[in-house]
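Read the structure below first, then the notes.
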Amino acid sequence: MTSFNEIADRFGTAEIALNFATQRLVADKDRRKGSIVARLVDFVSETDAEEEERKAREEFDRIKEETIADVAGRLHKLAMSSLSEDPAEASRRAAQDALCKQARSVLEDVERLLELARDARDKLTTAASACSGASSMEMMDAFTSNKGISAMSSISTSNAKSSLNTAGEALRALSQALPKRSHDLGAEAPNDFLYLVLDFADFPIDFLSWMNMGALDTAEEKCKDASVHVAKVIDELVVVEDRRRQTYERENALLLEIDLPYLLTAAEYVPQAIRFAIPDHLASHGAGSSHGAGPRM
């Protein structure tokens, strides 16, 4: 992996290039500001100096982001290398890391379910609105012989069918993704979550069957009923997500507690020029305040 000093050299090169480009841009502006024609050209187009400065700034921003990522990676590698020299501590760290990853995996599962549930709710709302509009147009068409109204009614009905199909797909995706047992989301899941999931599994989602029977009003009401049902699922999932997030944050904090002294030691080797890239959770413990740099690493 790239050393801290190599990372610092790359960042410094980009910084110098940006400074030179900025200086050339300022000089170019000063040289041209006495000419009305030149000022007009500056207003309507990008000059060579402006283009050079823009590209240098874009490159600097890219290198800065890479510097932040590379410093974090190098810190972790050095810290893990030092930690591995203590077998007992390394074993404790491995066990905690496994718990942290498990907690993170469970949290991500719940987040994915919440995303599906919210997507289903939004699409149900859209479908209900489309059915309402199509129903109104259908009623207008029934009392008039206007071909324009008839065409609009046909389009509205087609749009409603499309919205219902989209809502049905979203609802099926949610139904299939929901766990069959509440403990799949962790032992701390609400006791009534299982009943909610089982109830949801039997909830009708074949919206197009109502459309095929010409029951726009029925389809609208069923969408609203389904939306209320999904809202209950969302409420339960929000509770589960909050508990799972707390669990993950607790496990992650314990992992950081193990890593912290090794990371702080590694941070001493970061050159002053790139100490801005030290992660905030280390800087808050004083790792970013050093005015010198340690040995080359």
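Pairs linking a residue in the range 129-140 that is touching a residue at least 24 places away in the same chain (Cβ under 8 Å) to a residue that is among the small types (Gly, Ala, Ser), with Cβ atoms under 7 Å and 6 or more positions apart or on different chains, are Ala130/Ala160; Ala130/Ser163; Cys131/Ala160; Cys131/Ala219; Gly133/Ser156; Ala134/Ser156; Ala134/Ala160; Glu138/Ser153. Only one entry of Glu6, Glu50, Glu59, Glu65 meets the criterion of being surrounded by 14 or more Cβ atoms within 10 Å (Cβ to Cβ), part of a helix (DSSP H, G or I) and at pLDDT 95 or above, and that entry is Glu59. Of Leu116, Leu124, all but one fail to be under 13 Å from Glu220 (Cα atoms), in contact (Cβ under 8 Å) with a residue 40 or more places away in the chain and of a type outside the set (Phe, Trp, Tyr); the exception is Leu124. Filter the range 208-226 down to residues that are modelled with pLDDT of 55 or more and surrounded by 20 or more Cβ atoms within 10 Å (Cβ to Cβ) and give me whichever is nearest to Ala117 (Cα to Cα). This residue is Ala226. Looking across the range 115-154 at every residue that is β-branched (Val, Ile, Thr) and at pLDDT below 85, the one that is surrounded by the most Cβ atoms within 10 Å (Cβ to Cβ) is identified as Ile149. Taking the conditions (1) exposed (fewer than 15 other Cβ atoms within 10 Å of the Cβ); (2) at pLDDT 85 or above; (3) within 28 Å of the chain's Cα centre (by Cα) in turn, Ser284 satisfies each one other than (2). Under the condition of being within 21 Å of the chain's Cα centre (by Cα) and touching a residue at least 60 places away in the same chain (Cβ under 8 Å), the residues counted in the range 62-101 number 3.
The values are calculated or read from the model by the stated rules, or taken from the named source; none is laboratory data. Not measured: the values here are computed from a predicted model. FYI the Cβ positions are ideal-geometry reconstructions off the backbone, even for glycines, and counts take in every protein chain you see.
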